[in-house]
2 protein chains.
Amino acid sequence: MPTPLSPHRVVVIGSGFGGLFATKHLRRAPVEITLISKTPYHLFQPLLYQVTTGILSEGEIAAPIRDVLRDQSNARVIQGEVSDINLDARTVTSTLGDVVTQTPYDSLILAAGAGQSYFGNDQFAEYAPGMKSIDDALALRAQIFGAFEMAEVETDPDQRSAWLTFVVVGGGPTGVEMAGQLAELSRRSMKNNFRSIDPAQARVILVEAAPALLQVYGSTLSQRAKRALERHGVEVHLGARVTDIDTDGVEVTLSDNDTIRVAAKTKVWAAGVSASPLGNTLARQSGAELTHNGQLEVEPNLTLPGYPEVFVVGDMAATDTAGVAQVAIQGGEFAARLIARRLDGKPTDDEFRYHDKGIIATISRFNAIARVGPLKLSGFMAWALWLGVHLFYLVGFKNRVSVLMHWTITFLGRARSERTAPAPKPIRNDAPTGGRP
Amino acid sequence: MPTPLSPHRVVVIGSGFGGLFATKHLRRAPVEITLISKTPYHLFQPLLYQVTTGILSEGEIAAPIRDVLRDQSNARVIQGEVSDINLDARTVTSTLGDVVTQTPYDSLILAAGAGQSYFGNDQFAEYAPGMKSIDDALALRAQIFGAFEMAEVETDPDQRSAWLTFVVVGGGPTGVEMAGQLAELSRRSMKNNFRSIDPAQARVILVEAAPALLQVYGSTLSQRAKRALERHGVEVHLGARVTDIDTDGVEVTLSDNDTIRVAAKTKVWAAGVSASPLGNTLARQSGAELTHNGQLEVEPNLTLPGYPEVFVVGDMAATDTAGVAQVAIQGGEFAARLIARRLDGKPTDDEFRYHDKGIIATISRFNAIARVGPLKLSGFMAWALWLGVHLFYLVGFKNRVSVLMHWTITFLGRARSERTAPAPKPIRNDAPTGGRP
């Protein structure tokens, strides 16, 4: 790669874990970075479910990306939706409002993440919002707390029970954590809040198509998670597929092929992801392969075949460990390091190797499951680990203090400080946000 | 008033200061209270401008009313919009979603407050959102922070300067506090956040039709407030009326009758209030007089003429001190006390007398003005008083701790923890903001 007289221009697309850590890793490199982000914030997506269920405020998990990078003088941030990448001209086109910006690059790091996928049933989105963005979280917060308000005034017992039924689709970490929190919310946090209904009577139903929850954790932990959720009153249906969704409920085809209908006003979609449509743009131009859920097949060093200056990291790259924050973080840092080494004229024949630091998911307060290398943990120890890890990766010291305070309020006490949300908007199908756990 | 065998039914309409304090004051009375509230939260409106400008989260100033009252067993809360009050049948009709609820009362406390008034120019609302609700605050938050994002990508200097111009209409406490915060936000909190623009170049323009800001504080304090704002870079126009508003700017007729046009993408309406339209409903049935801004003329004991069981408190009652939280608080408590005394068979010939505890408004950090009896304060002492008073009246210990932490972050530090907002709803300004353009 030629060393231009003017600084090497790096464009980073996406402000999720991949984009943010790549940018930060380049802070001392002789480069000019432009980070292009659809949202003005870095979303700490693993805690989005806590914004949804009233534990945390949106600001605590969504730090303004330009404030995070304010002291990194080689980085600028522009907000915008990327509409085109031209691999030959080496430019990125982004749009904000009526302003179209063209940004040229010498190196490109594509870290635009993944959005919700409804597996071809996009009409479900209207009734079962996803869990991908702050907008999703606040819309769902309004729906969830609003459902209890409706149940309190509703006099028809069937309608009342439909308002008090919550269906979570998808038994991955997000679905499990949502179901666990909905159970705690109704059984603990809402205590004594109502006079006509008993919020503890709320039904929380978790539907997963696979034969186990949280499959990547292995069968022992998976079964422990299931039992823990059931102990908290969650009804878990495995091997069950959601075949229809409308305003009033959900149709579920069970493992024995029986089809049941559940009357439920509130549905949460935590089932599928598909990578940013920017993958298509690159595949078309480079001839790279796309997986069924839109991820790009990349070289072992994360570059696009034929375009060594283009890196694809995180959920947009086809790896068998997508969906984990660490993959995006390590991929972003790997790309940044490779760019810096190239500029230094150092050997750059590295291959990206994911260093598995483990995975962890909470079930309820004081209860989580974790796999760290060969070690399998569950219960309070796993929960304490979850707490430490999440505080560590949360961006900003002030947010850590504030999140810790809200966790104390919710987990030691029983209140939720952030139950207020703006009135819900008509729900739309979701597009990718930069980055994902 | 007869003492019924079943408990005396009190219906309170509104969960603002009047409604909440009336309900709490009745906690030991032998009554059954139903509090009917349009929103599920008690809004601490004096701090709404801090949610708008990214200092506080919505949960910190909007506590769920049913959580606040969870231990008060003689009170139930129902969410709903009151569509009718029947003074003869003594029933209140409220609607939530598709559920209509009729609630009978023996005593009624009407505390539905006031909404924004555009003085007959309701088309302004589309371009200049008001400052009355959490929805307003979050929509404005998205607009304000989004304007800086637009300025950063905009290359046309005129458009850029329009994005960096903020017009606040109305020089009462809300307008003054908003203008002061917009100045601090752009000059302090956004420091080093941008590469193409200098946010400190933002213009903040405060337009007030009267010859002075904060007229009720008297001319000395009013002039001090004006000078302090100007020192922070706010352009103050007194005796100036906004005669037109559209997407791109504002037309202002100045005190000398010159008309100027200010190109400004962001406009905030903090000018007029008009009492809840429920006042009309009662005026029509009772023959009570309505003032020009929709307030009801009531008896000296705050009851509706001819209907001693109906109390009107706070902004809905015609008093010369409306708009101050203390008037609503004291009015609500007065009504509650009168109801309790009637049930006890005690004399009830009291008249409501407002005990003026003083008024206070912040200009910027460490700077406020206050009038406490004959005492006039300004500067740091007034600001310290403001801080203490607001913490005292904020509902909930947890919120107090959390607000104090956010104030430390913002006033001692310079950050704002809550800059993130959901994307604005399409009815607003076409400004691309918050999350999604």
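Data overview
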quantity	calculated
Pairs where the first residue, in the stretch B:177-199, is within 10 Å of chain A (Cβ to nearest Cβ) and the second is β-branched (Val, Ile, Thr) and part of a helix (DSSP H, G or I), C-beta under 8 Å, 6+ apart	B:SER189/B:THR410; B:SER196/B:VAL153
Counted residues, the stretch A:32-76 - those being surrounded by fewer than 24 Cβ atoms within 10 Å (Cβ to Cβ) and acidic (Asp, Glu)	3
Hits in the stretch A:361-417 (condition: more than 19 Å from the chain's Cα centre (by Cα), among the aromatic types (Phe, Trp, Tyr) and farther than 16 Å from A:GLU177 by Cα)	A:PHE397
Of residues in the stretch B:18-69 being within 13 Å of chain A (Cβ to nearest Cβ) and polar (S, T, N, Q), the one farthest from B:SER107 (Cα to Cα)	B:THR53
Matching residues in the stretch A:390-405 - criterion: being without any contact (Cβ under 8 Å) to a residue 24 or more places away in the chain, aliphatic (A, V, I, L, M) and either within 14 Å of chain B (Cβ to nearest Cβ) or over 24 Å from A:GLN326 (Cβ atoms) (or both)	A:VAL401, A:LEU404, A:MET405
Single match in B:GLN123, B:GLN143 (criterion: over 30 Å from B:ALA22 (Cβ atoms), more than 14 Å from every other protein chain (Cβ to nearest Cβ) and either of a type in the set (Phe, Trp, Tyr) or more than 15 Å from the chain's Cα centre (by Cα) (or both))	B:GLN123
Residues within the stretch A:263-273 that are buried (at least 19 other Cβ atoms within 10 Å of the Cβ), in contact with a helix residue (DSSP H, G or I) (Cβ under 9 Å, 6 or more places away or on another chain) and part of a strand (DSSP E or B), tallied	5
Sole residue being surrounded by 24 or more Cβ atoms within 10 Å (Cβ to Cβ), under 30 Å from B:LEU302 (Cα atoms), of a type in the set (S, T, N, Q) and within 14 Å of another protein chain (Cβ to nearest Cβ), chosen from B:SER107, B:SER94, B:SER133	B:SER94
Single residue of the stretch B:222-276 satisfying the filter (within 30 Å of B:GLU297 (Cβ to Cβ) and among the hydroxyl-bearing types (Ser, Thr, Tyr)) that is farthest from the chain's Cα centre (by Cα)	B:SER222
Single residue of A:ALA202, A:ALA162 found to be touching an Asp or Glu at 6+ places or on another chain (Cβ under 8 Å) and crowded, with 20+ Cβ neighbours inside 10 Å	A:ALA162
Subset tally (residues that are of a type in the set (S, T, N, Q) and over 16 Å from B:THR101 (Cβ atoms)) for the stretch B:16-38	1
Test: B:LEU387 is under 21 Å from B:LEU185 (Cα atoms) and either of a type in the set (Asp, Glu) or without any contact (Cβ under 8 Å) to a residue 40 or more places away in the chain (or both)	yes
Which listed residue is of a type outside the set (Val, Ile, Thr), closer than 21 Å to A:VAL395 by Cβ and assigned to a loop (DSSP other than H, G, I, E, B), from A:SER6, A:SER15	A:SER15
Breaking point among (1) touching a helix residue (DSSP H, G or I) at 6+ places or on another chain (Cβ under 6 Å); (2) within 12 Å of chain A (Cβ to nearest Cβ); (3) of a type in the set (A, V, I, L, M); (4) closer than 23 Å to B:ARG416 by Cα, for B:VAL168	(2)
Boolean, B:GLU251 is over 30 Å from B:ALA317 (Cβ atoms), free of Cβ contacts under 8 Å to residues at least 12 places away in the same chain and either charged (D, E, K, R) or within 14 Å of chain A (Cβ to nearest Cβ) (or both)	yes
Top-ranked residue in the stretch B:404-437 [being in contact with a strand residue (DSSP E or B) (Cβ under 7 Å, 6 or more places away or on another chain) and modelled with pLDDT under 80; ranked as surrounded by the fewest Cβ atoms within 10 Å (Cβ to Cβ)]	B:PRO437
Some residue of the stretch B:214-225 being touching a Ser or Thr at 6+ places or on another chain (Cβ under 8 Å), in a loop (DSSP other than H, G, I, E, B), farther than 26 Å from B:ALA317 by Cβ and not assigned by TED's automatic domain parsing to the domain that holds B:MET316	no
Scan of the stretch A:406-419 for residues that are free of Cβ contacts under 8 Å to residues at least 12 places away in the same chain and either closer than 15 Å to B:LEU56 by Cα or outside any helix (DSSP H, G or I) (or both), ordered by number	A:GLY413
Flag for A:LEU290 being surrounded by fewer than 24 Cβ atoms within 10 Å (Cβ to Cβ) and under 22 Å from the mean Cα position of the chain (by Cα)	yes
Pairs where the first residue, in the stretch A:28-48, is in the same structural domain as A:ASP71 (by TED's automatic domain parsing) and touching a residue at least 40 places away in the same chain (Cβ under 8 Å) and the second is crowded, with 24+ Cβ neighbours inside 10 Å and of a type in the set (Lys, Arg), C-beta under 6 Å, 6+ apart	A:GLN45/A:ARG436
Complete set of residues in the stretch B:104-119 that are out of contact with any helix residue (DSSP H, G or I) (no Cβ under 7 Å at 6 or more places or on another chain) and either more than 18 Å from B:VAL10 (Cβ to Cβ) or outside the structural domain of B:ALA336 (by TED's automatic domain parsing) (or both)	B:GLY115, B:GLN116, B:SER117, B:PHE119
Candidates A:ALA275, A:ALA271 - the one that is modelled with pLDDT under 95 and closer than 21 Å to A:GLU177 by Cβ	A:ALA271
All strands (runs of 3 or more DSSP E) inside the stretch B:281-376 with 2 or more residues being at pLDDT 95 or above and over 19 Å from B:ALA111 (Cβ atoms)	none
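Residue by residue, here is whether (1) over 24 Å from B:ILE65 (Cβ atoms); (2) free of Cβ contacts under 8 Å to residues at least 40 places away in the same chain holds:
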residue: B:ALA89; (1), (2): yes, yes
residue: B:PRO104; (1), (2): no, no
residue: B:ALA111; (1), (2): no, no
residue: B:MET131; (1), (2): no, no
residue: B:PHE145; (1), (2): yes, no
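The values are calculated or read from the model by the stated rules, or taken from the named source; none is laboratory data. What you see is a predicted model, and the numbers here were worked out from it, not measured in a lab. Note: ideal-geometry Cβ built from the backbone for every residue, glycine included; neighbour counts use all protein chains shown.
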